[in-house]
Amino acid sequence: MRETQHNLRAPKPVNRLFYFLASTTIRRLIFHFCRLRPKNIRIIPPAGAGILVANHVNVFDPIWIYDVLRRPVHFVASEELFRSRILAPVVRQFGTFAIRKRARDIQSIRNMVKVIRSGGLLGIYPEGTRTWDGISLPILPTIARIIRMMRVPVYSCRVEGGYLQRPRWADRWRPLRVRLVFDRLYPAEAIPESEQQIMKDLAEAIQTRDYELPIPRSNGRRVAGLASGIYRLLYRCPNCGNLESLEAVKPLSSNRVECRSCFAVWEIDLGCRLTPVDDEGTAVGERQIAADFYRRIREMPLKPIHSSLLELEDGEKLYLASRSHFCYREKRYPNLRLLAYGRAFLTDRRFVFKGRGKRKNNVKLAAPLEQIEALNIEPGNKLHFIYRNCLYRIPIHRESPVKWQDYMEQLITRRKRQADG
């Protein structure tokens, strides 16, 4: 069984025929539909071992890099991608292999070494995940250790405009161009010995600068639906602080979002900037980027809530109660199985998933916060975490997955600090 798991996660040789047919049939379509503009593409050699690092701002940016380069890239991708019976066989043809996010994964490092020794180009996202607010995430220290260990040329690709074209929280695409700027970060003989220096250089090379880009005029054509999905990022009103109170104003062509509690209204533009407006649409305040609103929300203190659906322990406080969702459990990769259908609850001590049914105490999962590991949000707004060596996945619909991740991270940190002292 363990050998089967390794085979499922191991990189496969690139199917040259499949790669050629896919490149010739859809390359031009992707290039024009996504408005790609590559720069310095010749700096990537046609052969030889190397590492390509890039900022992860869009679900399609690996495809964009595949599209503009003339050689295969062995990307390290999330395990979640390989659970799909449709996508998994396709991405394996391109040499992509799996990694478990925010968890110790020795097998994936062995796979990276295998790609480099075979003379391949290894594709890595040093931030580890896709940005929600358009601001670059911290570089993972593991990436610096891998670069120092491999001792091969390192190249960078900074994706500019990819976040604004389709923010992770958004429901619709924006008609904006994407530029892929390639550069050589290190030759093989000039890799720094300091991992801190490598992390600093990586951060500067792939820093997301979408909020600094000039936004073209729409030539009189109004782009509709820019506010659709903003509740996933702004899960609290920046004005009154109430949870899940923001909603897109209909018709969606207005590009406005309103708080149901304090009735504050903002209008969103193509650059993901929000301007407070009155009922007539006149600006009544300063325009700010969505990341500034999100930072303000994260700085707000957590507020306990009340619910009769969960029995609390003495002194325990409840902070979140979800809508009805499915909960899946994976004891052994990739055997993901349905655990229950019900509601999730987050207290200052534990994460609880309670199944729906006539039984009064139908608790399927009660995980102490200090024992939760590898917390992240996978594509499709799926909340993932590991508890007692089992992976749990909860697809979050009709509410914000970012809210659950942020609240859990803050409460886990608080819980560990209390345990330490």
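The values are calculated or read from the model by the stated rules, or taken from the named source; none is laboratory data. Everything numeric here is computed off the predicted structure, so don't read it as measured data. With ideal geometry, Cβ positions are generated from the backbone for all residues, glycine too; neighbour counts draw on all protein chains shown.
Descriptive notes on the structure:
- One residue from G119, G134, G95 being at positive phi and modelled with pLDDT under 90: G95
- Here is the figure for the stretch 326-382: residues that are more than 25 Å from E316 (Cα to Cα) and of a type in the set (A, V, I, L, M) total 4.
- In the set R172, R222, only one residue is out of contact with any Gly (no Cβ under 9 Å at 6 or more places or on another chain), surrounded by fewer than 15 Cβ atoms within 10 Å (Cβ to Cβ) and either assigned by TED's automatic domain parsing to the domain that holds Y294 or touching a residue at least 24 places away in the same chain (Cβ under 8 Å) (or both); that residue is R222.
- Scoring D201 on the criteria (1) more than 24 Å from the chain's Cα centre (by Cα); (2) more than 27 Å from R296 (Cα to Cα); (3) of a type in the set (D, E, K, R) leaves a single failure, condition (1).
- If you go through the stretch 93-107 and keep only what is of a type outside the set (F, W, Y), more than 20 Å from L383 (Cβ to Cβ) and surrounded by 22 or more Cβ atoms within 10 Å (Cβ to Cβ), you end up with G95, T96.
- N335 falls short on exactly one of the conditions (1) surrounded by fewer than 16 Cβ atoms within 10 Å (Cβ to Cβ); (2) at pLDDT 95 or above; (3) within 24 Å of the chain's Cα centre (by Cα), and that condition is (2).
- Test: G241 is under 28 Å from R158 (Cα atoms), surrounded by 13 or more Cβ atoms within 10 Å (Cβ to Cβ) and in contact (Cβ under 8 Å) with a residue 60 or more places away in the chain: no
- Test: residue in the stretch 71-79 that is surrounded by fewer than 17 Cβ atoms within 10 Å (Cβ to Cβ) and either within 26 Å of T25 (Cβ to Cβ) or in the same structural domain as R332 (by TED's automatic domain parsing) (or both): yes
- The residues of the stretch 271-301 that are in a loop (DSSP other than H, G, I, E, B) and farther than 16 Å from L233 by Cα, listed by number, are D278, D279, E280, G281, T282, V284, G285, E286, R287, P301.
- Matching residues in the stretch 229-251 - criterion: being outside any strand (DSSP E or B) and touching a Leu at 6+ places or on another chain (Cβ under 8 Å): I230, Y231, L234, Y235, C237
- Residues (touching a residue at least 60 places away in the same chain (Cβ under 8 Å), assigned to a helix (DSSP H, G or I) and either polar (S, T, N, Q) or in contact with a strand residue (DSSP E or B) (Cβ under 8 Å, 6 or more places away or on another chain) (or both)) located in the stretch 185-219: L202, A205, D210, Y211
- Against the test of being modelled with pLDDT under 95, loosely packed, with under 13 Cβ neighbours inside 10 Å and of a type in the set (A, V, I, L, M), the options A374, A419 yield a single qualifying residue, A419.
Here is a yes/no grid of residues against (1) hydroxyl-bearing (S, T, Y); (2) assigned by TED's automatic domain parsing to the domain that holds A103; (3) at pLDDT below 95; (4) surrounded by 18 or more Cβ atoms within 10 Å (Cβ to Cβ):
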residue	(1), (2), (3), (4)
L365	no, no, no, yes
P379	no, no, yes, no
Y392	yes, no, no, yes
R415	no, no, yes, yes
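- Answer from A291, A264 - the residue that is surrounded by 14 or more Cβ atoms within 10 Å (Cβ to Cβ), over 26 Å from the mean Cα position of the chain (by Cα) and not assigned by TED's automatic domain parsing to the domain that holds D171: A264
- Residue match in the stretch 344-362 (condition: in contact with a Phe, Trp or Tyr (Cβ under 7 Å, 6 or more places away or on another chain), surrounded by fewer than 14 Cβ atoms within 10 Å (Cβ to Cβ) and part of a loop (DSSP other than H, G, I, E, B)): yes
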